[in-house]
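The values are calculated or read from the model by the stated rules, or taken from the named source; none is laboratory data. Keep in mind that what you see is a predicted model, and the values were worked out from it rather than measured. Please note: Cβ atoms are built from the backbone with ideal geometry, for glycine as well, and neighbour counts cover all protein chains shown. With ligands, DNA and RNA removed, areas are computed over all heavy atoms of the protein, side chains included. Shrake-Rupley method; radii C 1.70, N 1.55, O 1.52, S 1.80 Å.
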2 protein chains.
Amino acid sequence: VWKGTGALKFSEIGEFGFIESIKDECIPSLKDVIKGIGDDCAVFGPYAGRFFLFTTDMLVEGIHFLRDRITPYQLGWKSMAVNLSDIAAMGGRPLVSLVSLAIPVQTDVELIRTLYKGMKDICGLHKVNIVGGDTVASPDALVINVSLIGDVGEHEVLYRSGARPGDKIYITGTVGDSAAGLKILKNEIVPPASMSSHFIKAHNEPRPLIHTGKAIAASRVASAMIDVSDGLLSDLGHICKESGVGGLLFRSKIPLSSELKRLASVANFNPLDLALSGGEDYLLLLTVPEQKTQDLELLSKGKRPFPLYLIGEIAKGAGIRMVSDDGSVEVVSPKGFDHFIP
Amino acid sequence: VWKGTGALKFSEIGEFGFIESIKDECIPSLKDVIKGIGDDCAVFGPYAGRFFLFTTDMLVEGIHFLRDRITPYQLGWKSMAVNLSDIAAMGGRPLVSLVSLAIPVQTDVELIRTLYKGMKDICGLHKVNIVGGDTVASPDALVINVSLIGDVGEHEVLYRSGARPGDKIYITGTVGDSAAGLKILKNEIVPPASMSSHFIKAHNEPRPLIHTGKAIAASRVASAMIDVSDGLLSDLGHICKESGVGGLLFRSKIPLSSELKRLASVANFNPLDLALSGGEDYLLLLTVPEQKTQDLELLSKGKRPFPLYLIGEIAKGAGIRMVSDDGSVEVVSPKGFDHFIP
């Protein structure tokens, strides 16, 4: 039995407090480490002109998913997708993956094979090889850990830390659909059945934007990039913090899907709340110096077109402010979600 | 709720049966994948003359460890050590690691910081950087997943599959101490307290043989190598299976520590049983063509000396036979341990 002092519980300091407290001494050899803890992927190298990207995500039953809200296929797909999205956020190309599973002994083999099929299908789309892993028994919860290696040209990699005052803020799609899907799955919104499937799919089958991320990185137009996993405000907050800047968001420019607007009017909620604070859209959020915005807009209409919305501007200082069409300004803070903090 | 056919449970097919059944379609792009599922590490590359090695291990509370049998520091140390040992088995150099932890919310932060200290200390010894990871809440069990990347010269890498009839079989230390430690921790052996600590330490604080593995690989004397994690018979069985050969073991040559011999006489058991079937010694088991055995023996007595025992010989055919001093031969099969199979 482990005896601690009991002075501090995870429920008090949360994930981010803990990570801050163990960062020291993690890098005994600076050689080749370009970026350690604190971005979407770790970065090391270069090897023959390319950096390697390294990321991992753990999904735990009862915390990240429930068996009555996602199919085994979707769970496999999503557990790989969230890692692919981390590679996309750095502008990288995913290469090889390892999959660790802790499986309750009485689980149906067929269900876990279906889960694997979801992983293999999304890996097949992106030519990612599953080269091994670890399969162990679990006393209780199903646990999935995916690790993924990718690479990126050493002059193309995009960090959270490159945003500068005056840079424009763009996002590559409409936000909030995934969060609406989660609310529907939790019965916090109960729309007509015909409206639900769009949102549930957005939540359970995210599409990581590998091609878009690579194209943006290769074009060298962006100063910083992140994927929208924690929520638009949180993730813009990460860029601002790592870059030492503040952000202005234009309230009327936050892009909402027509489906979300319709759902909001039927179910009587403000869709902007979900768009700003809901997570797991797995879009790309990027900042672009003024003189390169035209290149980005041309790229978005080019051979591999992608949605693109100008939603704000990087400013001096810190924190995020929201500007309304009438010119009024409001300070907004991300509702930081932390699994450890009740 | 997931509905399967219920036709097949993990408790029936086990880990290895499951892995066989999902191997297909894991490698959509053969480019750069040298070795996928089925060795100590996955191998990909080369990049500038070196292969990358990629491995992962998941440790689950209640399955792989219990809080009253290992300290937090030892658990951190061991969870990293088992991955380092996989890199050692390929002759590689470990580089960067990601750590995923699922932590019960009410856990003392101090205990997990101590666990991290164990990881950082062994990483420091081997100049391995912990470059990130994922820290999440767990409803129940503590789960640790470590992923590790290493590299190795493309002409130095050692697989399980290179053993040829006539090759000599060597092991780099005495076997069975870790298994004795586990039996003591489980109260299956109850020796005088003064005798216990050696074995418990062998079990809870394994020392991965990175330097020895690298020296063996660089000297190009071995035809195959593996680390002894499942047990001597099991791991020799892996080499034999992957190489398409059989093995002869010389009963009287299996090296036992003086501590194990003494414990066996006090507690009245056959130490050879633990040496053959007990796991987690994290030694290196290698095969060496006859004409290179002298080079290996010189290497073991060189600048960085290491223990070395000749314990057998690779033969044609399949399976493992044990040869006694009187010339009698007995077929032995590894008692394959599978967490899923009762």
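When the P(r) of chain B is calculated, the portion above 28 Å amounts to 45% of the C-alpha pairs.
At what distance in angstrom do the alpha carbon centres of segment A:26-40 and segment B:271-336 lie from each other? So the two Cα centres are separated by 39 Å.
Pairs spanning more than 19 Å between alpha-carbon atoms, out of B:Lys78/B:Lys261; A:Lys120/A:Lys214; A:Lys78/B:Lys31; A:Lys23/A:Lys241; B:Lys78/B:Lys117: B:Lys78/B:Lys261; A:Lys120/A:Lys214; A:Lys78/B:Lys31. Inter-copy label distances at A:Lys117, shortest first and taken from points set 7 Å along Cα to Cβ: 4.9 nm.
Partner shielding of A:143-151 amounts to 6, given as the average count of beta-carbon atoms from other chains within 10 Å of each residue beta-carbon. The residues neighbouring B:Pro206, those whose beta-carbon lies less than 11 Å from its own, together hold a net charge of -2 under the Lys/Arg +1, Asp/Glu -1 convention. Label sites at A:Asp121 and B:Leu30, each approximated as a point 7 angstrom past Cα along Cα to Cβ, lie 2.7 nm apart. In segment B:1-160, what percentage of the DSSP-assigned beta bridges are antiparallel, given to the nearest 5? Approximately 70 percent, going by the DSSP bridge assignments.
Working from the pairwise distances between different alpha carbons, so that the mean of 1/r is found and then inverted, what is segment A:144-290's Kirkwood radius in Å? Hydrodynamic radius (Kirkwood, Cα pairs) of segment A:144-290 is 16.2 Å. FRET efficiency for the pair B:Met195 and B:Thr71, taken as 1/(1 + (r/R0)^6) with r the Cβ-Cβ distance and R0 = 25 Å, rounds to 0.80. Each Cα pair under 8 Å and six or more residues apart adds its separation to the average, and for chain B the resulting relative contact order is 22 percent.
Here is the list for segment A:1-98: trypsin sites (Lys or Arg not before Pro) lying in DSSP coil, each with at most 15 other C-beta atoms within 10 angstrom of its C-beta, are A:Lys3, A:Lys23, A:Lys31, A:Arg67. With the simple spin-label model, which puts each label point 7 Å out from Cα in the Cβ direction, the B:Asp325 to B:Lys261 separation comes to 1.1 nm. Between B:Thr5 and A:Arg207, the FRET efficiency from the beta-carbon distance, with R0 = 22 Å, is close to 0.15. Using the Cβ-Cβ distance between A:Val105 and B:Thr293 with R0 set to 51 Å, the FRET efficiency works out to roughly 0.70.
Look at the stretch A:85-98: the mean tally of other chain Cβ atoms within 10 Å of its residues' Cβ atoms is 2.
P(r) for the protein assembly as shown, from all Cα pairs and a bin width of 10 Å, is 3, 15, 24, 25, 17, 9, 5, 2, 0, 0 %, short bins first. Over the protein assembly as shown, dividing the summed -39,500 (n - 2.57) contributions of all DSSP H runs of at least 4 residues by the number of residues returns a 222 nm mean residue ellipticity of -10500 deg cm²/dmol.
Note on A:58-67: average number of Cβ atoms from other chains within 10 Å of each residue's Cβ is 5. Ranked from shortest, the separations from the 7 Å Cα-to-Cβ label point of A:Asp24 to its equivalents in the other copies are 5.4 nm.
Qualifying trypsin sites (Lys or Arg not before Pro) in segment A:287-337, where qualification requires a DSSP coil assignment and no more than 14 other C-beta atoms within 10 Å, comprise A:Lys301, A:Lys303, A:Lys316, A:Lys335.
Taking Cβ atoms as reference points and 14 Å as the exclusive limit, the residues near A:Leu59 contribute a net charge of -2, counting Lys and Arg as +1 and Asp and Glu as -1.
Counted as membrane-span-like here are DSSP H helices of chain B whose alpha-carbon atoms extend 18 Å or more along the helix's own axis and whose Kyte-Doolittle mean is 1.6 or above; there are none. For B:Gly247, nonlocal amide neighbours, meaning residues 5 or more places apart or on other chains whose placed amide H falls under 5 Å from its own, are B:Ala315, B:Gly319, B:Ile320, B:Arg321. Among rounded, prolate and oblate, which fits segment B:1-46 when a ≥ b ≥ c are the square roots of the eigenvalues of its C-alpha gyration tensor, a/c under 1.5 means rounded, and a/b larger than b/c means prolate? It is prolate, given that a/c is not under 1.5 and a/b is the larger ratio. Using a probe of 1.4 angstrom and keeping all protein chains present, the accessible surface of segment A:1-121 works out to 35 square angstrom per residue.
What separates the A:Leu8 label point from its copies, with the point 7 Å along Cα to Cβ, is 4.8 nm, written shortest first. Model label points for B:Asn268 and A:Glu12, set 7 angstrom from Cα along the Cα-to-Cβ axis, are 5.2 nm apart.
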